[in-house]
Each structure stands twice: as C-alpha cells, then as structure tokens.
Amino acid sequence: MSAPDVPVPLPTSGRKWSGDGPVKLSIVMAAYNEERTIKTAIDAVLAHEYPCAMELIVVDDGSSDRTPLLLAQHAHPSVTTYRHSRNLGKGAALLTAGRLATGTHILPFDADLEYSPDDIPRLLEPVLQGRCDVVYGARLFGLNTVYQSYRYALGNELMTLVANVIFDAHLADMHTCLKLIPLSLFRSLHLHSRGFGLDTEITASLLRLGIRPFEVPVSYYSRSHAEGKKISWQDALTCFRILGKVRLMRRDRVGLSGAAPRAHVLAHPMTKPTMDPLSHWAPGRHDVRRPSGR
C-alpha cells in the first residue's frame with residue numbers, strides 16, 4: 001500500500017503585522033471627477049464574495065462633476081463615503097481613507113475600472129494561508145493586460161528597475177494600484193506625498209524597511225487621457241525623486257517595521273490613530289457618511 005499523501009507546508013514569513021486573528025479587508029477608493037465609472041466601480045466591488053469580512057471606503061477628492069451626487073445616492077451597509085471640500089490629490093485621498101479604515105488590511109482600488117475586482121480574492125489567499133502579510137497585484141506586460149501607451153508601460157518598467165537596483169529587490173510592478181498591506185504597517189509609514197507620488201512612496205518605504213511584497217499576477221486594462229487618465233510625465237519625475245529621497249533616509253525616518261499587530265486600528269471612526277497619517281497636512285472641511293449601525 002502506498003503511503004497517504006501528506007500535505008507539504010507552504011513557505012511562510014507569517015502575518016507579522018496583522019496577527020493570527022480574523023482578516024478584515026478595507027478596500028479604499030479615491031475618486032476625482034469619476035462620474036462615468038464611480039457607480040459601476042462600487043457595484044463591481046460589492047458584487048463579489050470575499051473570503052473574509054470587508055468594507056469599502058470611497059473618498060471624493062473635491063470632484064466638480066456629478067461624482068458627489070452619485071455617491072450620495074449610493075447607500076450600502078458596507079460602504080463609507082468621505083468628501084474633501086477641495087481637490088487635495090490622490091495621495092491625500094488615500095491617506096484619508098487609511099484614517100477611516102477599520103480592517104486588518106488595506107487595499108487601494110481605482111475608481112476608473114482599470115483593475116478588476118475579480119483579482120481581489122486571489123490577493124487575499126497568501127494572507128489567509130498565513131504565508132505573508134504584504135501582497136502586490138502585479139501587472140505582467142503582455143499577459144492579461146492592455147496598455148494604451150507603450151511609453152506608460154515602459155516608464156513603469158524603468159521605474160521598477162530603478163527601485164529594484166537601489167533597494168536590492170526584485171519586484172515586477174512597483175506601481176500597481178493593488179497593494180494589500182496590513183493597516184497597522186500602513187499607518188506606521190511616514191508618508192507625505194499628496195499626489196500620485198504616494199504610490200511610489202509606499203513601495204519605496206516598504207523596500208527601505210526590508211519588506212518584500214508577495215506578488216500575484218492580476219489583469220489590467222488601461223484607459224487613455226481622453227478617457228480620463230490623469231497621470232503625466234511630470235509625475236514620473238516626482239517618482240524618481242521620491243525613490244532617491246527614501247533610499248537616502250534612515251530606516252527610523254521611514255517607518256516602524258516592527259509595528260505591533262492592530263496597534264493603530266481606530267477605536268472609533270473619527271478617532272486619530274497613534275501614528276496619524278494625516279498629521280502633516282490639514283484636510284480642511286469634509287463630510288463623512290457611514291452606514292448606520294457601524
């Protein structure tokens with residue numbers, strides 16, 4: 001008789017920052033003049049079943065189109081909406097969402113539907129298996145992806161290469177939107193970028209602290225500037241500057257790589273976390289709508 005199959009344990013670095021308790025996913029969505037896609041994006045996220053509890057936090061970054069109206073009309077027990085009275089930048093909107101999040105992990109998701117919520121459950125698998133705590137959804141050039149511009153694809157590959165060289169890492173896609181990060185770790189990072197540079201600053205900070213994300217392939221369908229894409233070549237220059245700046249910083253100036261599990265989770269929706277990610281800028285007036293009973 002043949003011996004019964006014995007499950008082989010998976011290599012693991014463990015859930016260092018989120019602990020061994022139940023996982024709750026906080027999907028955060030920054031929106032600026034996204035009236036064409038915001039409702040569809042929210043509905044698409046909510047239509048999926050997830051292997052853990054989840055919440056969706058949508059931050060309207062001072063939109064001047066119908067985005068605020070559409071958000072006001074959207075009521076769901078899992079959705080929290082928040083509005084900046086003026087446009088502060090995508091990075092500022094994500095920092096605001098990070099302050100409002102109540103989960104164990106945070107995951108940015110763009111309101112323009114360039115990414116698919118179909119990939120979110122697969123990002124959660126390594127965390128739920130206890131293999132790791134930080135997971136990136138990597139766009140692999142030429143595989144389940146559509147780029148409207150070769151220059152944008154090449155620019156991302158070039159910046160990823162620079163990051164890999166200066167931090168001695170091996171990422172496939174440093175600028176993916178889909179970055180699944182423990183909330184306590186996210187809040188421990190000393191983040192300052194208010195625009196698209198926050199994307200770079202998050203990855204650079206993690207790499208500077210010696211953290212290497214677990215990468216999972218995801219699909220991607222980019223939009224053109226005519227369809228509302230807002231990033232420009234000036235943002236690329238900012239990203240290179242941020243990479244150099246973070247690389248030259250002392251690690252203790254970047255963040256707390258040993259953040260205790262759930263040490264910074266909010267006790268109340270509007271209570272400031274211990275390491276307040278918004279403490280270095282004033283958001284001005286804002287409106288927040290949380291579902292009843294939360």
Carbon/sulfur accessible area of the range 12-78, % of total, 1.4 Å probe, equals 53
Which residues qualify? For Ala138, with a placed amide H closer than 5 Å and at least 5 residues away or on another chain, they are Val216, Val218
Note, the range 94-104: 3J(HN,Hα) by Karplus (6.51, -1.76, 1.60, θ = phi - 60°), whole Hz, Gly/Pro = x, goes 5, 5, 4, 4, x, 6, 8, 5, 10, x, 8
Taking every other residue with Cβ under 15 Å from the Cβ of Pro217 and scoring Lys and Arg +1, Asp and Glu -1, one gets -2
For the pair Leu248 and Asp20, the simple spin-label estimate (label points 7 Å beyond Cα toward Cβ) gives in nm 4.4
Ordering 239-252, 201-214 by per-residue average of other C-beta atoms within 10 angstrom, highest first, gives 201-214, 239-252
Taking Lys and Arg as +1 and Asp and Glu as -1, residues besides Phe109 with C-beta under 11 Å from its C-beta add up to -3
Cα gyration tensor of the range 17-102 diagonalised, 5x eigenvalues square-rooted, in angstrom largest first, produces semi-axes 23, 16, 9
Rounded to whole Å², per residue accessible area for the range 78-213 with a 1.4 Å probe reads 32
Placing each pseudo-label 7 Å from Cα in the direction of the beta carbon, Val165 and His74 end up separated by a distance in nanometres of 4.1
Charge tally for neighbours of Leu171 with beta carbon under 14 Å away, counting Lys, Arg as +1 and Asp, Glu as -1, is -1
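The values are calculated or read from the model by the stated rules, or taken from the named source; none is laboratory data. None of the values given here were measured: they were computed from a predicted structure. Heads up, the Cβs are rebuilt from the backbone with ideal geometry, glycines too, and the neighbour counts pull from every protein chain shown. Just so you know, the surface numbers come from the protein's heavy atoms only, side chains and all, with ligands and any DNA or RNA stripped out. Shrake-Rupley method; radii C 1.70, N 1.55, O 1.52, S 1.80 Å.
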